[in-house]
Amino acid sequence: MRTKLLGALMVFGIITGTAHASSKLEITDPRAAKIEDIVELPIKGVRAVQSDGQIMFLSENGRFVISGQIYDLWSKKPLNTMSQMRDVAERIHFKSMGMDVDTLNTVSMGRGDKEVVVFVDPRCAVCHQLMGDAKSLVDDYTFKFIVIPALGAESNRLAKNLYCAKDKTHALDALMNNTLGSLPSKETCDPGQYDQTLLTAHFIGIQEFPILRDEAMIQEILAEAKKFWQQVVDKKEPDKDPERDLYIPQGEEVNRWIAAAEEYRLYDAEIQELKQRLSELQERQKPHLDTMKSLMGEYFHADYCGVMVTRYKAAGRVPEHRFDGSDSFGALFVGLLPTRAHSRRQ
């Protein structure tokens, strides 16, 4: 299935060849062309246009015109007429594509000979209206409702709950009655075909659904928007979304998380002990530096017994020396060097 879908990435191939080379396309003034028919093709920015009995392909901005043969790789046939192009623009023939929709996240309704495939979202009002209307056509049609999450994280949770349902006997009723969330799930659920469902919807171009204007819904959206804005004004973190913000380990991940967390805590405790030890050592070291500074008196530089102390009247940076603090002379640098038993004034 994946191979077929990947192969269908090139949905349409526009092929120009010698068979059409002799048929010249002459357009002197596009405004004078007689347009007989136009079909919006499922190719971004391309329309099929019939003028004076001739079919050509026009870019969205009207600048480019392409003539030649167009071939539908999904249905495996050339498109020679406007009716054929309208058919592929308005319908998807799954059987000719070799795709079994029953392997996707699908629920069925009806027993008729004619089959209709519909992509629906669990929270889409228009989809529910369509499913309700389909009830009166079940004698003549069989409806295949492919459930996908087009309206956000909650839709994804409901669609996945349908896919992972332990018993799908009541799946259609749950879908139509908005009770998918109550369906018991399998203990383990392989997401393979659910992911395939999403991939199929993506290739076909299912990205959104129409929303009926609902005053109650609008008021709910406005209330949520005001609530969010108030949180911004109050500098309050928004509520966590359990589907996107809060990770809770499941299954085998629980043990892996516990083991990693325990090791992390042990190392962190050791790091804190070392930091405390380092702080104590630095405090113990400081009086000895003060002693050396007092012994130097008015001298600027000392280099004796493996310790070099240099004072600068202006603060600066000396490579590979450690800045330790400042005194009345300005900046003070201390470095550990090989022992050299002498002291000198700069």
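The values are calculated or read from the model by the stated rules, or taken from the named source; none is laboratory data. Everything numeric in this text was worked out from a predicted model, so none of it was measured. All Cβ positions, glycine included, derive from the backbone under ideal geometry; neighbour counts span all protein chains shown.
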State which residue pairs qualify: first residue under 16 Å from Thr200 (Cα atoms) and inside segment 111-123, second residue of a type in the set (D, E, K, R) and modelled with pLDDT of 90 or more in any location, beta carbons under 8 Å apart, and separation of 6 or more residues or different chains. Val117/Lys144; Val118/Lys144
When you scan segment 21-43, do you find a residue that is modelled with pLDDT of 85 or more, of a type outside the set (A, V, I, L, M) and outside any loop (DSSP other than H, G, I, E, B), even just one? yes
Filter segment 113-151 down to the residues that are loosely packed, with under 13 Cβ neighbours inside 10 Å and over 18 Å from His93 (Cβ atoms) and list them by number. Gln129, Gly132, Asp133, Lys135, Ser136, Asp139, Asp140
Is at least one residue of segment 124-141 without any contact (Cβ under 8 Å) to a residue 12 or more places away in the chain and either of a type outside the set (Val, Ile, Thr) or touching a His at 6+ places or on another chain (Cβ under 6 Å) (or both)? yes
Scanning segment 71-89 for residues that are among the aliphatic types (A, V, I, L, M) and closer than 16 Å to Ser51 by Cβ, which turns out nearest to the chain's Cα centre (by Cα)? Met85
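I'm trying to understand the selection: among the residues of segment 162-185, which are within 19 Å of Met109 (Cβ to Cβ) and without any contact (Cβ under 8 Å) to a residue 40 or more places away in the chain?
Ala165, Asp167, Thr169, His170, Asp173, Ala174, Asn177, Thr179, Leu183
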Looking only at strands (runs of 3 or more DSSP E) that lie completely in segment 241-346, which have at least 1 residues being outside the structural domain of Gly152 (by the TED database) and modelled with pLDDT of 85 or more? 301-304, 307-312
